[in-house]
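Data first, discussion second: the structure below is written as structure tokens.
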Amino acid sequence: MKDGPDIALIASLIGDPARANMLTSLMGGTALTATELADEAGVTKQTASSHLSKLETGGLLGIRKQGRHRYYQLSGPDIADLLENLMGVAVRTGHIRTRPGPKDPALRHARVCYDHLAGDMGIQLYEGLLARGLLFEHEGEPVITPVGEGFMKRLGLPLDTLVRAKRPLCKACLDWSERRTHLAGALGAALLEHIYAKGWASRKGGSREVTFTNSGRKEFNRFFGPA
């Protein structure tokens, strides 16, 4: 057997349908209980407990404890990125489990991918930053420009803190519904928080759906639309 990363183990953990449903239900960044994840997976609590133990041991899930309660969440944004990429491959190769439901158009328009903006609005954000010269691509990954640094600081984003974060400042994430790139990384997360803070958009309940107001959409286009 060859040395190196064991991708077969990761693939086997994600490959089980129940575990896949559990993982994708956590892509919105919200921590869920074992009972909630059992409902998402369509399995009993006992079966869910076994699956969750495997996912935790495999490093794909983390646990947050609050009093007597245990909440599960993805162990990091890279897991969400991996799932988003796999969903894109599934769509491209025609592996669709069910026909799109009425909620799908809204999710395709704007949704969270763990902690950053995805869907059509996420792609608009990324491509707008490129068009305005605030980002450029180097070997397939986004890099912030000096002009972009000044722009982000004027928005009030703590760029110096973001640069020192353990995760990449900018990261390309392939959008599963559009098969184009949206912005992940510390900057992608900070921009989504900025959008929320300005009241341009809000998260819809426990869903991954992000809903923009009419005025918020105009402001979004003013700052991040094509130059």
(Q) Testing Arg180 on (1) in contact (Cβ under 8 Å) with a residue 24 or more places away in the chain; (2) open to solvent by less than 60 Å² (accessible area, probe 1.4 Å); (3) in contact with a helix residue (DSSP H, G or I) (Cβ under 7 Å, 6 or more places away or on another chain), one condition comes back false. Which one is that? (A) (2)
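Go through the range 110-135 and give me each residue that's in a helix (DSSP H, G or I) and in contact (Cβ under 8 Å) with a residue 40 or more places away in the chain. Working first, answer last.
So in the range 110-135, the residues in a helix (DSSP H, G or I) come out as 119-131.
Passing the criteria: Gly119, Asp120, Met121, Gly122, Ile123, Gln124, Leu125, Tyr126, Glu127, Gly128, Leu129, Ala131.
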(Q) Suppose we keep only residues that are over 20 Å from the mean Cα position of the chain (by Cα) and surrounded by 13 or more Cβ atoms within 10 Å (Cβ to Cβ) within the range 156-168. Which one would you say is farthest from Tyr196 (Cα to Cα)? (A) Leu159
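Residue under question is Ser215, and the condition is that it be part of a helix (DSSP H, G or I), open to solvent by 30 Å² or more (accessible area, probe 1.4 Å) and of a type in the set (Ser, Thr, Tyr); does it hold? Let's see the steps before the verdict.
Values: part of a helix (DSSP H, G or I): yes; open to solvent by 30 Å² or more (accessible area, probe 1.4 Å): yes; of a type in the set (Ser, Thr, Tyr): yes.
Here the answer is yes, as Ser215 does meet what is asked.
Of all residues in the range 1-14, how many are open to solvent by 50 Å² or more (accessible area, probe 1.4 Å) and touching a residue at least 24 places away in the same chain (Cβ under 8 Å)? Walk me through it before giving the result.
First, the residues of the range 1-14 that are open to solvent by 50 Å² or more (accessible area, probe 1.4 Å): 1-12.
Checking which are touching a residue at least 24 places away in the same chain (Cβ under 8 Å) leaves us with 9-10.
Looking only at that region, the number is 2.
Hey, can you tell me all the residues within the range 128-154 that are among the aliphatic types (A, V, I, L, M) and open to solvent by less than 30 Å² (accessible area, probe 1.4 Å)? Please lay out each step first, then the result.
First, pick out the residues of the range 128-154 that are among the aliphatic types (A, V, I, L, M): 129-131, 134-135, 143-144, 147, 152.
Correct list: Leu129, Leu134, Leu135, Ile144, Met152.
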Q. Which of the residues spanning the range 15-50 are open to solvent by 20 Å² or more (accessible area, probe 1.4 Å), in contact (Cβ under 8 Å) with a residue 12 or more places away in the chain and either among the aliphatic types (A, V, I, L, M) or under 16 Å from Ser75 (Cβ atoms) (or both)?
A. Arg19, Thr24, Ser25, Gly29, Thr30, Ala31, Leu32, Ala34, Val43
Q: Of all residues in the range 63-89, count the ones that are surrounded by fewer than 16 Cβ atoms within 10 Å (Cβ to Cβ) and either farther than 21 Å from Glu36 by Cα or over 13 Å from the mean Cα position of the chain (by Cα) (or both).
A: 11
Q) If we scan the range 106-122, do we find a residue that is of a type outside the set (A, V, I, L, M), at pLDDT below 90 and farther than 28 Å from Thr213 by Cβ? A) no
Q: For residues that are open to solvent by 20 Å² or more (accessible area, probe 1.4 Å) and touching a strand residue (DSSP E or B) at 6+ places or on another chain (Cβ under 9 Å), tally how many sit in the range 191-205.
A: 4
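Looking at the structure I just gave you, is Tyr114 on the phi > 0 side of the Ramachandran plot and not acidic (Asp, Glu)? Show your work before the answer.
Working: on the phi > 0 side of the Ramachandran plot: yes; not acidic (Asp, Glu): yes.
Criteria met by Tyr114.
The values are calculated or read from the model by the stated rules, or taken from the named source; none is laboratory data. Everything numeric in this text was worked out from a predicted model, so none of it was measured. Don't worry about glycine lacking a Cβ; one is built from the backbone with ideal geometry, like all the others, and counts go over all protein chains shown. Ligands, DNA and RNA are stripped out before the accessible areas are found, and what is left, the full protein with its side chains, is counted by its heavy atoms. Shrake-Rupley method; radii C 1.70, N 1.55, O 1.52, S 1.80 Å.
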